[in-house]
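Have a look at the structure below before the remarks.
The values are calculated or read from the model by the stated rules, or taken from the named source; none is laboratory data. Keep in mind that this is a model prediction, so the values were computed, not measured. Cβ coordinates were reconstructed from backbone atoms using ideal geometry, including for glycine residues, and neighbour counts include every protein chain displayed.
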Amino acid sequence: MQLQERFIRIARQFQGKLAFNDRFSDKKVSYGKSLVVSLLFARKFRQFRDNFIGIMIPTSAGCAFSVLGALMAGKRPVMINYSTGAANNARYAQKKCGFHNIITSKALLEKINCPVVEGMVFIEDLAETITTRDKLRAALASRMPLRFLLRYAHCGSEEETAAVLFTSGSEKDPKAVELTHKNIRSNIEAFSAIFNLNHKDVMFANLPYFHVFGLTVNLWTPLYHGMTIVSYANPLDFQKVCQIVREEQPTVMAATPSFWWGYLKKSERGDFKSLRVMMSGADKCPQSLRDGFMEKHSINLLEGYGATETSPVISVNTPEHNKPGSIGKPLPGVEVKIENYETGDECKRGEIGRILVKGDLVMKGYYNDIEETAMRVRHGWYDTGDMGFIDEEGYLWHSGRLKRFIKVGGEMVSLVKVEEELEKLLPQGVSCCVVESADEIKGARVVAAVTEKIDERKILKQLAHTLPNIAVPKHFVVLEELPKMGSGKIDFRQVTEKVRELLRTSKG
């Protein structure tokens, strides 16, 4: 069953129920009306010539209707990142996937100061072209017997592409990931089962839909079950988000650690008392963040792990099975194995190696990139590019990206491990990112970027007790702010470039 077919069935079942409570635009839309609007959009989108259609709209009911309308029209939605370099991202997506039209918003372009890109269609203009006749036709179609309605809206194979999303590009140029209906559906069903998610839950949606975490967890999961979605398009408005959570009483919320830090600092006791599931993902969750939520709100912040290529959730801690510091146990139906990065042999319990994943959650592939797909998916196993291990109790532990391991003096050093030890010693409010700086004479060296000047001598003395000498940072560089991606993840490529430039300047 395709995702839009599931939505149609759910919308018919819960016609009068509130589907979207859009707190950014103060609009409330029922499931019945959501179905009508999606059918209206589908009719408009059928006029576009290409199979792909770009969508560049903030987290909102309008973005959801655009995604639903595209799928009902038999199109494949390409989700475009508008948080940084929106115009370049739009052109990159058009070129990569070979399409022309992008559904976007005038208000968004004005807010982010983005020029109009050829092929853009404004949702505001689209709404004005909808006639009374169009509305009546869509309303009548929404009330047709289900078997006729499912013929009116495109509903094909679950192996068809449900979305194209781009990898973060934090290490190199973004890749276009094709996720099928089966990929996303299997992921929803697996993590819904362990959290007992159902139509009675209320989802707080603050993550961008151009990021797989937002698309699967904040959009498709609630629509799949018939939940109400309380959305707010600016996850960085920390105080407002806390206010909305306090007022609307959602039961499920997910965010990245950088967003959770903001909510922790701006929240008041009791703000999150309605939440029965609080998930952190997309980046490592520091113990200090978990401790902060437990101390202030008496709530367990549960860490999970995933990737764009796996739709995304691979493993997650739950209230019943929670080992802080780990990234949880693999979802039902998901196979995980650890492979020695040099020999290719399967690692023993507790031994660090490459994390490989197999199951229905693994992507269709990178669009128009057979070579890269073949490199990352071998015999059904997706190579995450991450390093980790499985402990004796079956919990998965993340040790960092393979690219965030460097060889110093013939030994492998985990930059993530260095960060973890350094974070324990930094003053409150100071962030860090550890990167590699290549030295022509001495080879690879560990360098730490910090957001404020620190007592280097004191910290180096303390690090000597927890890290081998080759892993101790040889330089500290102060960056006022660590560059981040739209998802809130640290942009390692930018940090590395800035650190290397500052080191070159200081030597010069």
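I'm checking my understanding of the structure. Among residues of the range 486-508 that are out of contact with any helix residue (DSSP H, G or I) (no Cβ under 9 Å at 6 or more places or on another chain) and hydrophobic (A, V, I, L, M, F, W, C), which one is modelled with the lowest pLDDT?
Among those that are out of contact with any helix residue (DSSP H, G or I) (no Cβ under 9 Å at 6 or more places or on another chain) and hydrophobic (A, V, I, L, M, F, W, C), it is Leu503.
Within this structure, Asp345 fails the test of being in contact (Cβ under 8 Å) with a residue 24 or more places away in the chain and among the acidic types (Asp, Glu).
Residues in the range 241-277 that are part of a helix (DSSP H, G or I), touching an Asp or Glu at 6+ places or on another chain (Cβ under 9 Å) and within 25 Å of His321 (Cβ to Cβ): Pro257, Tyr263.
A count restricted to the range 387-432 and to residues that are in a strand (DSSP E or B), hydroxyl-bearing (Ser, Thr, Tyr) and more than 14 Å from Leu356 (Cα to Cα) stands at 1. Beta carbons closer than 6 Å, at least 6 apart along the sequence or on distinct chains, never pair a first residue in the range 453-479 that is under 13 Å from Glu419 (Cβ atoms) and free of Cβ contacts under 8 Å to residues at least 24 places away in the same chain with a second that is among the hydroxyl-bearing types (Ser, Thr, Tyr) and in a loop (DSSP other than H, G, I, E, B). Within the range 145-183, the set of residues being out of contact with any strand residue (DSSP E or B) (no Cβ under 9 Å at 6 or more places or on another chain), surrounded by 13 or more Cβ atoms within 10 Å (Cβ to Cβ) and not in a helix (DSSP H, G or I) comprises Ala153, His154, Cys155, Ser168, Gly169. Out of the residues in the range 18-44 that are in contact with a Gly (Cβ under 9 Å, 6 or more places away or on another chain) and not in a helix (DSSP H, G or I), which is surrounded by the most Cβ atoms within 10 Å (Cβ to Cβ)? So, considering only residues that are in contact with a Gly (Cβ under 9 Å, 6 or more places away or on another chain) and not in a helix (DSSP H, G or I), the one surrounded by the most Cβ atoms within 10 Å (Cβ to Cβ) is Ala19. Restricting the range 45-102 to residues that are without any contact (Cβ under 8 Å) to a residue 12 or more places away in the chain and part of a helix (DSSP H, G or I) leaves a set whose member that is farthest from Tyr152 (Cα to Cα) is Asn88. In the range 111-125, of all residues being touching a residue at least 24 places away in the same chain (Cβ under 8 Å) and assigned to a helix (DSSP H, G or I), the one that is surrounded by the fewest Cβ atoms within 10 Å (Cβ to Cβ) corresponds to Ile112.
Any residue that is without any contact (Cβ under 8 Å) to a residue 12 or more places away in the chain and either aliphatic (A, V, I, L, M) or in a loop (DSSP other than H, G, I, E, B) (or both) - is there at least one of those in the range 283-293? No, the conditions are met nowhere in the range 283-293. Screening the range 301-339 for residues that are assigned to a strand (DSSP E or B) and of a type in the set (Ser, Thr, Tyr) and picking the one that is surrounded by the fewest Cβ atoms within 10 Å (Cβ to Cβ) gives Ser326. When the range 475-485 is limited to residues that are at pLDDT 85 or above and either among the β-branched types (Val, Ile, Thr) or touching a Ser or Thr at 6+ places or on another chain (Cβ under 8 Å) (or both), the one that is farthest from Trp261 (Cα to Cα) turns out to be His475.
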